Structure formats: structure tokens, C-alpha cells
Amino acid sequence: MNTINNKFSFARLGAVLKSDFVEHRWSNIAAFFTLFVAFLVCQFTQMNELIEISHIRSISPEQYMPSLATDCTAFFYGVLSLALMCAAADMCGVPLKTKGRGLNYLMMPATNMEKFVARTLVNTILLIVMAFAALLLADLVRMLFVPLFEVKEFYGFTLPRILVALGDPFSSAYRMGGEVWGPTVDGTVRVIGFSAYYGAVNVTTMVAAFLFAHSLFILGGCFWRKAAIIKIWITQIVATSAIAWIFVKLEPYVLPWLGDVLTSLFETEQQAGMTLMGIAIPVLLALTAFNWWLGYRLFSRKQVVAPQHHRGGKHLHQLLGKK
């Protein structure tokens, strides 16, 4: 059932976002406060460790802030990745948590696509903005307590350094993927040049793999309402174990044949690997698009009205049918 018409309306999308902010403001505040506390505790812990290390070996005052930012970078992106996974798995959990809330969400004057886009924006873009805002606030609060540590060099912001560090994995992947290998000399591979194409393929593959992994959590969040993150992790563990078991069983038969095929088509292993990556990119993007489409179908109102997941043909007809 569509309200008004089938056309996407940014005005209705804005109304849905406004309603989401008002309805779930306390959940958003709790998420922001959790991120803020996590970043602040990490900074205080790393400051204390740096001071203890400075008593053992000499550390110049100019190294305090760069070291603090470096130590906090991995923690920040680890927490952000975990938060994105949990938020993606909560696509249906928040608006449909109770029967009354689900009915209100169902009757909201907006199309399914507008609601789906709104939930996606809240669970991705808003969360990323909240994470960086929480980090900035943690920086400000940390500087208020710097006099207690009696190390004035801890005045400063970690946010700019962490933003710069955001591009480090991509630049490293670009450099490593762009190195052109020559023949092996004395047991080591000799680098004979650099290929911008190889580097771009390496980075694009990494981005496509991340988008595909995130789409799996979006799909799981649209399929399960309760404890979705746990069910998604269990499903991924089972699926990964099954794929690994199949690979181990087929490895003696497939790898020799694949090695012969690749050797006959390519001069080096690097060319073969980059070609396989080039093939994997459109496959991953296609699977990502399919996961998003299927997630949207599962997010439809028919699934809201009938939340139980039928195993019969009626469920598949509702999921794949136009009506």
C-alpha cells in the first residue's frame, strides 16, 4: 500500500526523517553518549600509558599528541565499524519494536522507499556524523583534564589526525597494488615499476568488498527484528565455515586446474590476481545491489503486517511479487 503516489518525494523523506529524530531522539542521544564515553576513556587510557612509557624510555614532548592520535585511530575506526554493523542490523528493530510503534510507522504518510532511505540515512550517515562529533567532544573534555596529568603537551585535537589517517589504508592499498613485480631474484620478488591501474583495482576491490559486507548487515536487519546482529553473526560464521569446508574439499581438484589455466593466460601471478580482482569488482557491486534490493523488499509493509517469516510459497510470492 502506497500513501499518496509511487513517486519519490524529498519533502516526504524530510518529514520521515524529522519524525524519526523526534520518535527516537533518546536512542540517538544514548548512542552519541556511548560513543563519547568510549572515545574519552580510550584517550585517558592512552594518555596514562604514554606517561608511564615516558618514565621508561625518553619520549620528546612533540611526540605526545601524534602518539595519542595514532593509538586512538584504530580504536575509533573499530568502534565506528562495530556501530555501523549494529545500526544496519537495527533497520526494523527500532521503528517496529512494539505493535503500537509498528502501526504508527505503517500509517505514516510516506512510501516504502522513502522510509527505507530514511532508515538508511539515520543508520549510516547520521551515525558517522555522530561518531566524529563525539570524538570532537571527547577532545574538548580531555583538554579540560590535562592539568591533572601535568603534561601540557596533551593539549590539542586528535580529530584532524584521525581524519588524515582515514585515507591511510587506501593509500597503502594503492601503493602495494600498484607495485609491478618482476622475476624472483634470490628468493625475493623484485619490484620493477608501478602501475596506477593495478593500484586503482586494488583500492576499488577493497571498497567493493566493504560495501558488500555492509549490505549483508542491511539485509539481515531487514529480515530479523529482534537480536538481528547476533543472528547475522551466527549466519556469517556458519556460512563462512561451510564455504571454507567446501574449499578445502575442492582445493586438490580445482587449484591445479586453475593454476594451469592462469599460467597459460597470464605471464605473472600478479597479472592473474589483478584480473581476478577486476572480475570480482562488478560481481561484488552486483551482489551489493541485490542485497539492497532484497532488503528493501523485506522492509515493505507486507512484511510489517505479517512479521513472521513464512517458509512457504506465500512468503516468496509476497516478497517477489509486485502486489
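The residue list Val129, Val122, Val146, Val117 contains one member that is closer than 20 Å to Thr70 by Cβ, in the same structural domain as Phe10 (by TED's automatic domain parsing) and either of a type outside the set (Asp, Glu) or modelled with pLDDT under 80 (or both), which is Val146.
Rundown of residues vs (1) within 14 Å of Leu126 (Cβ to Cβ); (2) in contact with a strand residue (DSSP E or B) (Cβ under 6 Å, 6 or more places away or on another chain); (3) at pLDDT 85 or above; (4) exposed (fewer than 12 other Cβ atoms within 10 Å of the Cβ), yes/no style:
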position	(1), (2), (3), (4)
Met1	no, no, no, yes
Val41	no, no, yes, no
Gln46	no, no, no, no
Ile56	no, no, no, yes
Gln63	no, no, no, no
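Among the residues of the range 203-216, those that are closer than 14 Å to Ile279 by Cβ and of a type outside the set (A, V, I, L, M) comprise Thr204, Thr205.
If we scan the range 259-275, do we find a residue that is under 22 Å from Phe210 (Cα atoms), modelled with pLDDT of 75 or more and surrounded by fewer than 13 Cβ atoms within 10 Å (Cβ to Cβ)? Scanning the range 259-275, I find no residue that is under 22 Å from Phe210 (Cα atoms), modelled with pLDDT of 75 or more and surrounded by fewer than 13 Cβ atoms within 10 Å (Cβ to Cβ), so the answer is no. Applying a threshold of 7 Å to beta carbon distances and a minimum spacing of six or more residues, or different chains, the list of pairs starting in the range 212-239 at a residue that is more than 18 Å from Val117 (Cα to Cα) and ending at one that is at pLDDT 85 or above and among the acidic types (Asp, Glu) is empty. Scan the range 208-233 for residues that are under 13 Å from Cys86 (Cβ atoms), surrounded by fewer than 19 Cβ atoms within 10 Å (Cβ to Cβ) and of a type outside the set (Val, Ile, Thr) and report the count. The total comes to 4.
The values are calculated or read from the model by the stated rules, or taken from the named source; none is laboratory data. Quick caveat: nothing in here was measured; it's all calculated off a predicted structure. Neighbour counts are summed over all protein chains in view; Cβ atoms, including those assigned to glycine, are modelled from backbone coordinates with ideal geometry.
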